[in-house]
Amino acid sequence: MNGLAWLFAPLALVLAALWWREVQSRRRLRAWLNDPESTDPPDGDGPWAGIFARLYRLRRDVRRVRGELRESLERFQRMVESRPDGVLLIDGSGHIAWFNESARAMFGLDAARDVGTLAEQLIRHRGFRALLEDFRQGREAAPLMLDEGFGASRRMLALTPVAFGDSDVMILAHDVSDAVRTEAVRRDFIANVSHELRTPLTVVSGFLETLEGSQPPEPEALRHMVTLMAEQSRRMTRLVEDLLTLSRLESEPEPSRTEVVDVPALVESLAGEARALSGGRHQIIVAEASGGRVRASAEELRSAFGNLVSNAVRYTPEGGTITLRWLLEQGAPVFAVSDTGIGIPEEHIPRLTERFYRVDKGRSTATGGTGLGLAIVKHVLQRHGGRLRITSVPGQGSTFSALLSPERAVP
């Protein structure tokens, strides 16, 4: 018996060691399975070595695939974030799951507060729920137009639903404010041109019908008719010429030809024309002409500066003073026209360069203007890298300053 005990004792120790190693391997495997994200699979020996090596390779492959998916998702999110359109993701239950920066700005959302909130509670528009229901029911859903904000911050948003995943809906919000404003300007432009042409055409056609009648008018009446027809014809001619000028300025981003312009001489010439237009009703002064010469289109500068001077003559009451200045402001050439006229209320100043915009329609028509002068001035200055600055006090007068780019100045 003692011999057999000595024979089986080493075998028992080997079996115990194998059992203990098996227990330890299982324990390490169990610990890793309970928290596989924190560490890699454990090492092992014997039959467990192959199992743990296989688990390690699977774990490595999973991490690689996850990294690629994470990178793709981050790239997708960066792409969506960079879009100017708003992107709003709504889950199957109608709650907001995600939105990009543009959507946050458009709808005033907050990620910490609004993710998980019902979209209908944040976008309160009677057509929004119908848009989602129609889309989820497979019915054709036209883009929903939202009018957001007030005043200068007012925006028109077009919302379009797009399927995302099995039940989610992605709302694409496109800011169409500029397109809506452009269309409104186009409609107003057509209406204004029609209105401006209708009056002189009515006068001319009415007198022509009278001349075609069986009873010829008296010589005095005939002279009056011809005078009025000539006046209205000149008015239509000025309007058409200004429209053609404005169209040319808008179609070309820069002057086709530039030259060195002697602006002090141009200012003196414009002052002489203003005195002729005024007919002695105003005092017209060239207070300063020290701005030197500029490289520009002489024809366009004469048109822009001439419009500012003629406007001052038209809108300054008799006995008023009109002052012309040509100077440098921090290296930038400036042509300024100041008057002691009726002045302009502050709320009208931002719109003065719109085509056919008039503060007082009756008075503007009576002065003979076409309503396009300041629009021409704005486009001429933009083509020369400049801008128009307007300051005015109602009842005291106005100053219109045409600022050119400093690069236009000739040393």
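Laid out as a table, the results:
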read-out: Some residue of segment 276-289 being surrounded by fewer than 13 Cβ atoms within 10 Å (Cβ to Cβ), out of contact with any Lys or Arg (no Cβ under 7 Å at 6 or more places or on another chain), in the same structural domain as V380 (by TED's automatic domain parsing) and on the phi > 0 side of the Ramachandran plot; value: yes
read-out: Qualifying residue in segment 174-192 (condition: in a helix (DSSP H, G or I), modelled with pLDDT of 80 or more and among the polar types (S, T, N, Q)); value: yes
read-out: Single unsatisfied condition, R113 versus (1) modelled with pLDDT under 85; (2) of a type in the set (K, R); (3) part of a helix (DSSP H, G or I); value: (1)
read-out: Boolean, L208 is at pLDDT 75 or above, over 44 Å from the mean Cα position of the chain (by Cα), surrounded by 13 or more Cβ atoms within 10 Å (Cβ to Cβ) and part of a helix (DSSP H, G or I); value: no
read-out: Within segment 291-315, tally of residues that are part of a strand (DSSP E or B) and small (G, A, S); value: 1
read-out: Check on V185, under 28 Å from L243 (Cα atoms) and crowded, with 16+ Cβ neighbours inside 10 Å; value: no
read-out: Filtered residues of segment 273-290 (kept if assigned to a helix (DSSP H, G or I) and under 17 Å from G319 (Cα atoms)); value: A274, R275, A276, L277, S278
read-out: Selection within segment 305-333 - of a type in the set (V, I, T) and buried (at least 18 other Cβ atoms within 10 Å of the Cβ); value: V309, V313, T316, I322, T323
read-out: So I322, is it over 21 Å from R293 (Cα atoms) and either assigned to a strand (DSSP E or B) or not assigned by TED's automatic domain parsing to the domain that holds R389 (or both); value: yes
read-out: Members of segment 375-411 that are free of Cβ contacts under 8 Å to residues at least 40 places away in the same chain and charged (D, E, K, R); value: K378, R387, R389, E407
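The values are calculated or read from the model by the stated rules, or taken from the named source; none is laboratory data. No experiment lies behind these values; they were computed from the predicted model shown. Methodologically, a virtual Cβ is constructed for each residue, glycine included, from the backbone with ideal geometry; neighbour enumeration extends over all protein chains shown.
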